[in-house]
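All remarks here apply to the structure that follows.
The values are calculated or read from the model by the stated rules, or taken from the named source; none is laboratory data. Note that this is a predicted model, so its numbers are computed, not measured. Note that we place each Cβ from the backbone using ideal geometry, even for glycine, and neighbour counts take in every protein chain shown.
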Amino acid sequence: MTDAATEELQWDRPVLLIGASPDLDPDMVSGIDPHWPLIAVDGGLDTAHAAGLRPSLVLGDMDSARRVPDDVPALQLDGQDDTDLEKALQRISAPLIIGFGFLDGRLDHVLASMHAITRLQRDIPLILVGRRDVLLRPVGDVALSLVPGTRFSVWPLGKQHFAGSSGLQWPLDALTMTQGGTIGTSNRVASASVTINAGDGEGYAVILPLAAYDAVLQSVLP
């Protein structure tokens, strides 16, 4: 097991993260490019094994994972001031990160996942996939091909200004969103092409039904 509190993990391909949610659908993961690294985040090791998946690495403070197999590399990251997902996001450098098992299960765990993406400082697009929803934390603007009528929510990760949008029932033009102020949940797709022109701000997330996962993935693939 490696002990490297500040080690950066670099890949030139998208990286998959597996969290500890017991509701992981293995078919969602197994259908993805097998050459992409699969990383178990602490208790996500047990979730991965239960789904018949073999991680290429496990990382975290190891307070939830059962025994790590000797043939699986492990990165011990101690500390209780940040979650294991935060630890992973702070260290991974890749063109895209996709996380499974972080949006389902206990509400406090879901809130911790939202906290982690709020603190993400790297300019890396991030997708979190759950049983019902897919969340995209984009870098800058968004362009998606979606089915009209699809639920489309925008959640600010701080103070975020929007220069404009197209294809939504309720446009985002000149809106400034903040948590505790204006938010953008339960909007609707009005046309097959949706764009968001983001202005200055601290970032935002787009939350869609799981059926939109392929469209979200295609919009950010390198």
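The table below gives the values:
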read-out	value
Failed item in (1) out of contact with any Gly (no Cβ under 6 Å at 6 or more places or on another chain); (2) part of a strand (DSSP E or B), with A163 passing the rest	(1)
Any hit, segment 70-77, residues being assigned to a strand (DSSP E or B) and at pLDDT 80 or above	no
Some residue of segment 117-128 being of a type in the set (A, V, I, L, M), over 11 Å from the mean Cα position of the chain (by Cα) and in the same structural domain as P26 (by TED's automatic domain parsing)	no
Positions within segment 166-196 being over 22 Å from L210 (Cα atoms) and surrounded by 20 or more Cβ atoms within 10 Å (Cβ to Cβ), in sequence order	L172, M177
Qualifying residue in segment 58-65 (condition: in a loop (DSSP other than H, G, I, E, B), modelled with pLDDT of 80 or more and within 24 Å of D123 (Cβ to Cβ))	no
Residue count for segment 81-103, restricted to those that are touching a His at 6+ places or on another chain (Cβ under 8 Å) and either hydrophobic (A, V, I, L, M, F, W, C) or assigned to a helix (DSSP H, G or I) (or both)	2
Breaking point among (1) polar (S, T, N, Q); (2) without any contact (Cβ under 8 Å) to a residue 60 or more places away in the chain; (3) within 26 Å of L85 (Cβ to Cβ), for S219	(2)
Out of G130, G149, sole residue that is of a type outside the set (K, R) and either in contact with a strand residue (DSSP E or B) (Cβ under 7 Å, 6 or more places away or on another chain) or closer than 16 Å to V220 by Cβ (or both)	G149
Residue that is surrounded by the fewest Cβ atoms within 10 Å (Cβ to Cβ), among those in segment 1-20 that are assigned to a loop (DSSP other than H, G, I, E, B) and at pLDDT below 75	T6
Residue, nearest to L77 (Cα to Cα), within segment 21-49, restricted to residues that are without any contact (Cβ under 8 Å) to a residue 12 or more places away in the chain and outside any loop (DSSP other than H, G, I, E, B)	H49
